[in-house]
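*Asks:* One structure follows; several queries about it will come next.
Read-outs: derived from the displayed coordinates by stated rules, not from any lab. Keep in mind it's a predicted model, so treat the numbers as computed, not measured. Methodologically, a virtual Cβ is constructed for each residue, glycine included, from the backbone with ideal geometry; neighbour enumeration extends over all protein chains shown.
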Amino acid sequence: MPSSSSSSNVPSSSLRYPVNEPTEPSEASTSTLTPGFERWRSSLAQFTGMGLTEEEKLEREKMKEMKTLEKDWDKCEAYKRDLMENSPMITFLLNHLRLSGCAFPSSALQCHPCPETRSGGFSPEHGILLCQNRFFSKKHMEDTLAHELLHAYDHCRFKVDWGNLRHHACSEIRAANLSGDCRWTREVKRGFYSFNKQHQACVKRRAILSVLANPACKTPDMAEKAVNEVWESCFKDTRPFDEIY
Ligand SMILES: [Zn+2]
């Protein structure tokens, strides 16, 4: 004869689990839904953006941001490796930096996210910055890298005082003139070695913009004046392109 359960205070549902494994405190709040369903629900929620708590939404945004950062960084590093090995312009400049005693290893060319206002930078202390989220093509990155390598070359070969606007202007004129910024390399490939007025206007405009970003430059007039003062000699100076070793 079965014993009567009515005499016991133990709820009948517990009787089906004679051994209750204790849960860790962190597991205590785990949903009672099956793991498979839980995965499906959260992936659907991620997909639609619906059914998320504020905390989950923030987490999702963070994940998306991280994925974008990682993707941009991977792309920038892949472009960089390719350009360092295969771009005639970049290998030429790297080679001349090495010959001048300022070798630029891959680690001195750094991919980082940047604000919209810039695509690269050069710092004597930190090397070259490549703005991983600002390149719309490998060609664009090649132009930017060539531009920064020309600053690096100037810094290596000449005593550049970057706080001196005339020094800065000279390097910006050369960088804009000799990198692909104003399509110099394309013109050369086409066989046009004489620069037209449009090219000069482009170089001047870009040099003024860059000098304007110098903290020592207070007004657009100061930038324009610095560029004009060194224009003749710096525009003509095409080193290292005319150097023969
Ligand atoms: Zn520059």
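*Asks:* Quote to one decimal, in nm, the extra length available between Glu61 and Lys159 on full extension: 0.36 nm per residue of separation minus the C-alpha distance between them.
*Replies:* Roughly 30.6 nm would be gained on extension.
*Asks:* Next question. List, in order, the whole-Hz ³J(HN,Hα) value for each residue of the range 116-131 obtained from phi through the Karplus relation with A = 6.51, B = -1.76, C = 1.60 and θ = phi - 60°; use x for Gly and Pro.
*Replies:* Values per residue, Gly and Pro as x: 4, 6, 9, 10, x, x, 10, 9, x, 7, 9, x, 10, 9, 10, 7 Hz.
*Asks:* Whole angstrom only: what separates the Cα centroid of the range 64-90 from the Cα centroid of the range 204-229?
*Replies:* 31
*Asks:* Any of Lys204/Lys236; Lys139/Lys236; Lys80/Lys139; Lys159/Lys204; Lys197/Lys236 with alpha carbons more than 19 Å apart? Name them for me. Write down the numbers at each step before the final one.
*Replies:* Details: Lys204/Lys236 13 Å; Lys139/Lys236 25 Å; Lys80/Lys139 11 Å; Lys159/Lys204 22 Å; Lys197/Lys236 14 Å.
Check vs 19 Å cut-off fails for Lys139/Lys236; Lys159/Lys204.
*Asks:* For the range 126-174, state which trypsin sites (Lys or Arg not before Pro) are in a DSSP loop and have at most 14 other beta carbons lying within 10 Å of their beta carbon.
*Replies:* Lys159
*Asks:* Still on this structure, I have one more. Can you work out the Karplus-derived ³J(HN,Hα) for every residue in the range 61-75? Use 6.51 cos²θ - 1.76 cosθ + 1.60 with θ = phi - 60°, whole Hz, and x for glycine or proline.
*Replies:* 4, 4, 4, 4, 4, 4, 5, 5, 4, 5, 5, 4, 5, 4, 5
*Asks:* Residues with amide H under 5 Å of Phe122's amide H, sequence separation 5 or more or different chain, H placed in the peptide plane at 1.01 Å from N; which?
*Replies:* The answer is Leu129.
*Asks:* Using the Cα centre as the reference, give the magnitude of the dipole from point charges on the C-beta atoms of the range 58-143 (Lys, Arg: +1; Asp, Glu: -1; all else neutral), rounded to the nearest 20 debye.
*Replies:* Value, rounded to 20: 100 debye.
*Asks:* For the range 58-143, just the Cα set please: Rg and Dmax, both in angstrom.
*Replies:* 14.3, 50
*Asks:* Could I ask something else about it? Would you pull out the residues with amide H under 5 Å of Phe104's amide H, same chain only if 5 or more places away, H placed 1.01 Å from N?
*Replies:* Distant-sequence amide H within range of Phe104: Arg98.
*Asks:* Going by how many other Cβ atoms sit within 10 Å of their own, how do Ser107, Ser210 line up, fewest first?
*Replies:* Exposure proxy ranking, most exposed first: Ser107, Ser210.
*Asks:* If neighbour count is taken as other Cβ atoms inside 10 Å, put Phe235, Phe136, Phe158 in order from fewest to most. Mind showing how you got there, number by number?
*Replies:* Numbers: Phe235 20, Phe136 8, Phe158 13.
Listing Phe235, Phe136, Phe158 from fewest to most nearby Cβ atoms yields Phe136, Phe158, Phe235.
*Asks:* Arrange the peptides 64-71, 116-123, 223-230, 212-219 so that the one whose residues have, on average, the most other Cβ atoms within 10 Å appears first.
*Replies:* The peptides rank, most packed first, as 223-230, 116-123, 212-219, 64-71.
*Asks:* In addition: In whole Hz, with x marking every Gly and Pro, tabulate ³J(HN,Hα) for the range 227-236 from phi via Karplus 6.51 cos²θ - 1.76 cosθ + 1.60, θ = phi - 60°.
*Replies:* Calculated HN-Hα couplings, in order: 5, 5, 4, 9, 3, 3, 6, 7, 5, 6 Hz.
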